[in-house]
Amino acid sequence: MIGKSVPITILPMGTANNIASTLGLSGLSIDDLIGGWANGRRIGLDIGLARGPWGERYFIEGLGLGLFTDVISKLKGHRNVDLAH
């Protein structure tokens, strides 16, 4: 999709939803998100490029599933854990 003018969107259905939170989409219901597509605001998106022995791969952001995201979401409420580092 890189270099194309095809819109994409996010449906925040997990626990962390980092990109959705950054874009202000995490507090909306799925029905509200889908209902807003016709009048949605289009913005550019930065894409990363990782190079290594395997070649080149594009990425948007790391993706977490299961235990890791569950633990992070529980730690966010604790003041004794510094999540900034």
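Worth a mention:
- In the range 24-39, residue surrounded by the fewest Cβ atoms within 10 Å (Cβ to Cβ) [restricted to those that are of a type in the set (A, V, I, L, M) and more than 23 Å from Leu75 (Cβ to Cβ)]: Ala38
- Cross-chain or 6+ apart pairs with Cβ under 7 Å, the range 19-40 first and within 15 Å of Ile8 (Cβ to Cβ), then in a helix (DSSP H, G or I): Leu25/Leu33
- Every condition in (1) among the aliphatic types (A, V, I, L, M); (2) modelled with pLDDT under 85; (3) outside any helix (DSSP H, G or I) holds for Ile72 except the one numbered (3).
- Hits in the range 40-58 (condition: part of a loop (DSSP other than H, G, I, E, B) and of a type in the set (Gly, Ala, Ser)): Gly40, Gly44
- Only one of Ile10, Ile19 that is surrounded by 12 or more Cβ atoms within 10 Å (Cβ to Cβ) and in a loop (DSSP other than H, G, I, E, B): Ile10
The values are calculated or read from the model by the stated rules, or taken from the named source; none is laboratory data. All values reported here derive from a predicted model rather than from experimental measurement. Every residue, glycine as well, gets a Cβ built from its backbone with ideal geometry; the counts of neighbours run over all protein chains shown.
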